[in-house]
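Here the structure comes first, spelled out in structure tokens, and everything after it is commentary.
Just so you know, all these numbers are worked out from the coordinates, no wet-lab data involved. Predicted model only: the values in this text are computed from it and were never measured. Every residue, glycine as well, gets a Cβ built from its backbone with ideal geometry; the counts of neighbours run over all protein chains shown.
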2 protein chains.
Amino acid sequence: MEVTRKNFQSVLPEVEKAIAESDFLSVDTEFSGLHASSSYYISPLDTPEERYQKLRKGSCDFLVFQVGLCTFCFNKENNKYEARPFNFYVFPRPYSRAAPDCRFMCQSSSIDFLASQNFDFNKVFKEGIPYLTSTQESQLKDSLEEKHKQYNLFSSPAFVTPDSGAEAVTTKGPINIPEEHKDFIEGICKTVQEFLDKEGEETLSLPPCNGFVRKLIYQTVKQRFQSGIHLAAKTDEKKQRFIVVTRIKSEDDMKIKEQEKQAAELAEVEGAVGFSKVIRMITHSEKLVVGHNMFMDVIHLLHRFCSPLPENYLEFKALTTCIFPKLLDTKLMANTTPCKEFLPNTVLGDLLKHISCSPFEKPEIVFPENFPQYKLDDSNLHEAAYDAFITGMCFIGMSNFLGNKKDPPVSNVSPDDSVVKPFTNKLFLMRVPEIPYLDLAADDVLPNREHIFHVTFPKEWKAPDLYQLFSPFGNVNIQWLDDTSAFVSLYKKEQSSSGVHHPSPSQYQHIITGKRDVTMLSSDKKVSIIPHQTKRCPSSLTKSISTYNNGQERCYKVKFRQNLMH
Amino acid sequence: MEVTRKNFQSVLPEVEKAIAESDFLSVDTEFSGLHASSSYYISPLDTPEERYQKLRKGSCDFLVFQVGLCTFCFNKENNKYEARPFNFYVFPRPYSRAAPDCRFMCQSSSIDFLASQNFDFNKVFKEGIPYLTSTQESQLKDSLEEKHKQYNLFSSPAFVTPDSGAEAVTTKGPINIPEEHKDFIEGICKTVQEFLDKEGEETLSLPPCNGFVRKLIYQTVKQRFQSGIHLAAKTDEKKQRFIVVTRIKSEDDMKIKEQEKQAAELAEVEGAVGFSKVIRMITHSEKLVVGHNMFMDVIHLLHRFCSPLPENYLEFKALTTCIFPKLLDTKLMANTTPCKEFLPNTVLGDLLKHISCSPFEKPEIVFPENFPQYKLDDSNLHEAAYDAFITGMCFIGMSNFLGNKKDPPVSNVSPDDSVVKPFTNKLFLMRVPEIPYLDLAADDVLPNREHIFHVTFPKEWKAPDLYQLFSPFGNVNIQWLDDTSAFVSLYKKEQSSSGVHHPSPSQYQHIITGKRDVTMLSSDKKVSIIPHQTKRCPSSLTKSISTYNNGQERCYKVKFRQNLMH
């Protein structure tokens, strides 16, 4: 079901009901970009913490355009799952001129990708559901309350600068009316006088004009007509601002008008919370939330709809568990034995095809009447709700497959089943062969990486130079990072262990100075070798041992990093 | 005329002809945002250089979505102007995986504004014309030539990583095929063998697969089949990448295929220059280019289609004059006597209404058949081509008005007329009452601002505190910057001049320590007063004189800044 600003309020109760009745939920998001710059590209040697920091710094400025939510409910009577997919278009439209005016980033290739999938950008920007994080919501409510308190204290709205735009200068006193505006302002005063003299109309709309002129009108008209009128700025459909003058019969009338206005302003903030309410419903339900390769989705869902992402990695884990008490990543399930053995490829679209045939069993799905009756023909692939839906399908397929292997076999596995448990609260780490997941509920499992070294070298070096450099330690695997750096892993891991073969700093120096023909290196070209520690963190201690040979032709640095947290 | 990627190539000659035949051109742009953050908001006391730096740092990450270009040609026979408006949708779509993948910013309020004007975002993102700056173009051509040279030297395309995506790791040697991919790669080799055995088809398209698998295919297939085949990666309409195998009959055949491929790659870059060609045509024509409040437009046109903006302000002036040898800002014309006297408002839409009636005379316009026959009813306002068109109208209206005042009067003023000259190569400075323009062709005219002071103070201070602080110098005007800073101008300018009344640092100390009841100030709340120099630049010398009274309750700093460039 497509949900935009137009039908959001009316659909919200249905969303709440679907979540409450479900056995589990699945989610997916579409966003405006992936990586702010190449420094945030993922690496196969990222630790979970490093990956988190890369996503936090390099991906959070992108916007979520679409959130897919699909609820699944198993019907024992007909052995079918009922799926209710919701496709939310979301956009942080400033609901008023006091609202946050979000700046966000887009990546051309991502936009182009969405365009090629026939994504409707007009729907996002014109009909996207607004949202606020909890932090933004309380700030806005606080500042409104403060403004209302001020008003009630001083009852002088003229200088509250009711519509100071972004560029408006804070006004703390009356402005002198510039010569060129005097005629216009006088004309306005005359119009207001005529409106007051002639009983009948309740309100008078003044012509649209710019912020400065509106300020002049506020100031002058308030001064001339005192308590006889009430002024408020409004926006027409063309985004032009204009002032509405309302006749005030008595002081009480004025108060009522102002109270109405204040109530409306609070309601406006309430409405602006928008899509974030759906996330709050999910949190409240404590239902299992399933996603496919969902690390980035989780990052965006938290950052946009809940709270700015914490710098501290452990706080991130705590925040995630607080918002989504039970998460499951189907990409992790698919990449773990025994499912893995039967899945040559775990890209979402392909995964669906694999779980639709033996040894898996395609789950039977029904959709309620007012929901899209998805066909599994890829035509909706990359629509968030469809992707969420097939993620749920894959979850059912794989957990039933695991259930069948139990003794005795379980045919319709519940999300609480013991075969599902090992996968909960773990986020798949894409392209990190050694560390399959980030563990939200426990310390991360980190492999020994003492046999991996970060090497920097002159641009002219090719693989044979590196092979030669490491030749005393047998064969190596080279992971190129760029033209002047690479991770080099020893095939024989024990070479680097703390046993007899562990290379000491002096051994490295020996390798370099003893083995390399270094006449090609000028003095400004350095070779450095740093053991790749499993936990490379800012608090790591760096011990540097530098050897400068006599003569300008040779210059090396060998750095060893010991980890304080190790 | 609407121009997108679909018709750009065919319309380009028509654009060139329209420019060549015109008397002058007008331009307008629509962009994705205005200011990256509040630190770049414009201030009424900005110098032209400061304004430039604010726009350069705070606006250049936004994208141009639409460029309007309107050519005007006066027909002496019927006394009418022929206007040809072109509305270009532009988007830096990466034309290939080697092309720059631009990250750009959007501002929610700007997007929302465009949405309210019914702007078609889908057209931008799906059909926008690509573009490259000259810098990008030469980089891409150089790297292609280098790649081709490498290929021709080694004839070994397998390791040239023909489609290394953004995240791909530089590959300098063969990769070991992981266990899980061995079956798939073997299958591919079998398919290729069958294709080679069976004469007939010229090419074979392999199934889409990810970058890593494609790399494995390249490597294995090239090794097995050597010179018998040629491989190239292509992208299908769903953005999926796949490899096309072409049968090679002889070494010459192979060379021809490769030459065709290389020529196609160069043509691709040529095509990617796209919209930038239009700007080059404008430059080449040396025609007068008219815009309304065009500083931001100029910034974006240079930055996106020509060259990154120089840090140095004088270089910016030089670059602008190089790209647009003759510029004219109608907002400056409208804000200058004598036009100014008859124009209560110079916002574009209103300006058009003003110049359509006495004492101005509305120019008569005709549109060629295949162009939109614009009605002047505001319905197209904020479409770039329409805005460019009415900007041109306003220019004609105002210059004819000025021509009429000449002795003898000139009725159809040419863009080279002496009444137009004073306005050329000057950019209007929005909201800077004292400095009407930035002068591209000469040193900027900067007013004396010795009577203006930048004051910082505790948050609790209100206007009366500042009035009291400056009371020895008579009345002041306060320009609030935020809660703790303001510009304060003395009404009596001579008070601050170098004459007898010039306040010395000690006088300021006297003002502050002598006049203020400072018990409200705690030790960490400082008051500082800095004369506002007309040229505040990084090289300015700051002299600080600090006085700490005994007792923790009082602490002030009075800073005087002298300008080295003064």
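Here is how far apart the residue B:232 label points are across copies: 6.5 nm, shortest first, using a point 7 Å from Cα toward Cβ. Over all other residues within a Cβ to Cβ distance under 13 Å of residue A:225, the charged ones net out to +2, with Lys and Arg as +1 and Asp and Glu as -1.
For the stretch B:183-189, putting each phi into the Karplus relation 6.51 cos²θ - 1.76 cosθ + 1.60 with θ = phi - 60° gives couplings of 4, 4, 5, 4, x, 4, 4 Hz, in residue order, rounded to whole numbers and with x for Gly and Pro.
Across the stretch B:244-389, the convex hull enclosing all Cα atoms gives 211 Å³ per residue. Relative to the globular-protein estimate of 2.2 N^0.38 Å, the Cα radius of gyration of the stretch A:342-385 stands at 1.30.
Taken about its Cα centre, the stretch B:253-340 carries a charge dipole of roughly 460 debye when the Cβ of each Lys and Arg holds +1 and the Cβ of each Asp and Glu holds -1. By the count of other C-beta atoms within 10 Å, a proxy for reagent exposure, A:70, A:189 are ordered fewest to most as A:189, A:70. Normalised Debye scattering of the stretch A:16-137 at q = 0.12, 0.18, 0.19 Å⁻¹ gives log10 I(q)/I(0) of -0.64, -1.10, -1.14, counting only Cα atoms as equal scatterers and leaving out solvent.
Considering all different alpha carbon pairs of the stretch A:303-357, the Kirkwood hydrodynamic radius works out to 13.5 Å. For the stretch A:340-486, the alpha carbon positions stretch 65, 39, 29 Å along the principal axes, listed from largest to smallest. Under a model in which nothing but the beta-carbon of Lys, Arg (+1) and Asp, Glu (-1) is charged, the stretch A:1-56 shows a dipole of about 300 debye around its Cα centre. The rotation axis bringing chain A onto chain B passes closest to the chain A residue reported with its distance as A:121, 2, by C-beta distance in whole Å. Computed from backbone phi with θ = phi - 60° and the Karplus coefficients 6.51, -1.76 and 1.60, the 3J(HN,Hα) list for the stretch A:323-331 is 7, 10, x, 9, 10, 8, 9, 5, 5 Hz; x is used for glycine and proline. By the count of neighbouring beta-carbon atoms within 10 Å, fewest first, A:255, A:362 end up ordered A:255, A:362. Would you mind computing, in nm to one decimal, how far apart the modelled labels at residue B:143 and residue B:6 are, each placed 7 Å from Cα along Cα→Cβ? Simple spin-label model gives 3.2 nm for this pair. Inter-chain neighbour count for A:235-241: the average number of beta-carbon atoms from partner chains within 10 Å of each residue's beta-carbon is 3.
Here the translational diffusion coefficient of the stretch B:229-289 follows from Stokes-Einstein with Rh set to the Kirkwood radius across Cα pairs; for 25 °C and 0.890 mPa s it amounts to 167 µm²/s.
When the Cα positions of A:397, A:428, A:381 are compared along the charge dipole of the stretch A:370-446, A:397 comes out farthest toward the positive end, with charges on each C-beta of Lys, Arg, Asp and Glu. Computed about the Cα centre, the dipole magnitude for the stretch A:308-397 is approximately 220 debye when only Lys and Arg (+1) and Asp and Glu (-1) carry charge, each at its Cβ. The relative contact order of the stretch B:1-129, computed from alpha carbon pairs under 8 Å that lie at least 6 residues apart in sequence, is 33 percent.
Please go through the residue pairs B:147/B:255; A:331/A:421; A:190/B:340; B:6/B:149; B:123/B:287 and name each one whose alpha carbons sit more than 22 Å apart in this structure. Distance filter (> 22 Å) returns A:190/B:340; B:6/B:149; B:123/B:287. Report the local net charge at residue B:206: Lys and Arg +1, Asp and Glu -1, summed over other residues whose C-beta lies under 11 Å from its C-beta. The answer is +3. One decimal place: the segment residue B:379-residue B:462 gains 25.4 nm when fully extended, by the rule 0.36 nm per residue minus the C-alpha distance.
Share of pairwise Cα-Cα distances greater than 16 Å in the stretch B:377-450 is 65 percent (whole percent).
Where the alpha-carbon atoms of the stretch A:213-320 are placed on the principal axes, they occupy 63, 29, 29 Å, in descending order.
Ordered by the count of other Cβ atoms within 10 Å of each Cβ, fewest first, B:319, A:204 give A:204, B:319. Across the alpha-carbon set of the stretch A:1-77, the Rg to Rh ratio works out to 1.14, Rh being the Kirkwood radius. The same position residue A:135 in the other copies lies at 3.3 nm from this copy, comparing label points 7 Å beyond Cα toward the beta-carbon, shortest first.
The simple spin-label model puts a point 7 Å past each Cα toward its Cβ; for residue A:417 and residue B:411 those points are separated by 9.2 nm. Taking K and R as +1 and D and E as -1, what net charge do the other residues with C-beta under 11 Å from the C-beta of residue A:190 add up to? Combined, the nearby Lys, Arg, Asp and Glu give -3. Compared with the direct C-alpha span, the chain from residue A:263 to residue A:79 gains 61.3 nm at full extension, assuming 0.36 nm per residue. Counting Cβ atoms of other protein chains within 10 Å of each Cβ in A:345-357 and taking the mean gives 1. For residue B:441, inter-copy separations between label points set 7 Å beyond Cα along the Cβ vector come to 7.6 nm, shortest first.
For the segment B:114-120, counting C-beta atoms of other chains within 10 Å of every residue's C-beta and taking the mean gives 4. Backbone phi angles across the stretch B:411-424, fed through the Karplus curve with coefficients 6.51, -1.76 and 1.60 (θ = phi - 60°), yield HN-Hα couplings of 8, 10, 5, 8, x, 9, 4, 5, 6, 8, 2, x, 9, 6 Hz in residue order; Gly and Pro are listed as x.
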